[in-house]
1. Going by a ≥ b ≥ c, the root eigenvalues of the Cα gyration tensor, does the stretch 227-316 fall in the rounded group (a/c under 1.5), the prolate group (a/b larger than b/c) or the oblate group?
2. Label Gln32 and Ala249 with points 7 Å out from Cα along Cα→Cβ: what is the distance between them in nm?
3. If we count other beta carbons within 10 Å of each Cβ, what is the order of His157, His75, His220, fewest first?
4. Taking the Cα centroid of the stretch 17-73 and of the stretch 150-176, what is the distance between the two, rounded to the nearest whole Å?
5. What net charge is computed for the residues neighbouring Thr28, neighbours being all others with C-beta under 11 Å from the C-beta of Thr28, Lys and Arg scored +1, Asp and Glu -1?
6. What's the magnitude of the charge dipole for the chain around its Cα centre, counting Lys and Arg as +1 and Asp and Glu as -1 at the beta-carbon? Answer in Debye, nearest 20.
7. Based on the alpha-carbon gyration tensor of the stretch 3-313 and its eigenvalue square roots a ≥ b ≥ c, which shape applies: rounded if a/c is under 1.5, prolate if not and a/b is larger than b/c, or oblate?
8. Write down the percent of antiparallel bridges among all DSSP beta bridges whose residues are both part of the stretch 108-233, to the nearest 5.
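What follows is calculated from the coordinates using simple rules that are stated; it is not laboratory data. As the structure is a computational prediction, the values presented were derived from the model and not from experiment. A quick note on method: Cβ atoms are made from the backbone with ideal geometry, for glycine too, and the neighbour counts reach across all protein chains shown.
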Amino acid sequence: MADNDKKSISQMLGGGDIETFLDAPKCTDMAQFDADVAIIGAPCATPYPAIGAYCKDAPGAIRDAIAVYAGAAGHYDFDLGGPIFGDGSTRVVDCGDLGYDEADGAANRARLRSAIQTVVGKGAVPIVIGGDDSIPIPVFEALEGRGPYTILQIDAHIDWREEVQGETKGLSSTMRRASEMDHIERIIQVGQRNTGSARPGDVKDAIDWGVTFIGAREVHASGVKQALDLIPAGAQVLISLDCDGLDPAVCPAVLGRAPGGLSYWHVVDMIHGVADKARIAGFNIIELVPNMDVDGIGALAAGRITCNVIGRLCRR
């Protein structure tokens with residue numbers, strides 16, 4: 001069958017040419033923002049020169065992958081026990097993609113900080129779909145003065161480097177930079193496996209700061225309860241999901257594939273567990289690399305995980 005003859009479930013469910021996440025209302029002017037949940041595409045923050053803006057197409061890929069289900073957004077979703085958007089009383093908008101210049105990380109970060117500050121200033125919850133692994137730094141920075149926050153990071157790597165190639169706000173430094181912010185009181189890191197940029201001293205620094213690591217092997221052996229038990233009841237939780245925290249069978253669209261990652265259900269169960277006992281104050285999903293994907297399955301997994309976050313926010 002030729003590619004242009006492939007059938008899609010969207011033909012059965014009534015999906016069409018969809019521009020926003022699940023055809024959510026569009027907000028293209030942040031000055032006019034007025035909603036409860038904001039989806040923000042962040043293609044690029046501070047990539048290293050050696051790799052450039054490797055995730056710049058990720059927001060579009062995630063929207064495209066989930067668009068086939070837009071016609072069924074009001075149908076029963078078995079992950080959520082009802083329609084994704086709940087009873088419709090929670091206002092969810094898609095603010096589109098932020099502009100970027102891969103040679104100007106400072107401007108990219110400022111643009112993202114401003115968008116997040118606008119959203120939280122209106123009492124809304126930001127959902128950031130991106131984008132390179134440094135995206136969380138300006139997201140966390142934008143929340144200064146609004147804490148305390150607990151970070152739940154799901155990632156194959158720990159991101160505790162002081163600098164790489166002279167850059168202190170790049171993709172290998174996100175959790176170290178977060179640890180320096182007064183409004184971050186707790187960091188729980190889940191899913192570590194294989195090897196990455198971390199050296200023994202970086203691991204020691206993280207543990208000395210107070211990080212609890214729950215590796216991928218531990219999650220497969222004992223489930224996600226250990227991570228959820230570390231989150232205080234009622235805490236404001238920022239969930240940061242790096243796609244390489246997922247097993248490559250679930251999400252192959254990453255720079256460094258490694259076997260033994262978390263399953264879709266591990267991640268979804270953590271999202272629901274956080275929502276059951278605390279408050280999801282923000283969510284970002286990063287390091288989806290579309291040109292490393294296989295038939296769009298990684299982008300679809302990213303989209304469905306984002307649907308679960310939206311669904312729980314619509315049921316607060």
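1. Taking the square roots of the gyration eigenvalues as a ≥ b ≥ c, the stretch 227-316 is prolate.
2. Inter-label distance under the simple model: 4.7 nm.
3. Details: His157 27, His75 12, His220 15.
Fewest to most other Cβ atoms nearby, the residues stand as His75, His220, His157.
4. 23
5. Working: positive: Lys26; negative: Glu19, Asp29, Asp94, Asp97.
Here the count lands on -3.
6. Values: 28 positive and 43 negative charges, 143 e Å.
Dipole of the chain, to the nearest 20 debye: 680 debye.
7. Note, shape of the stretch 3-313 comes out rounded.
8. Of the beta bridges lying entirely in the stretch 108-233, close to 10 percent run antiparallel.
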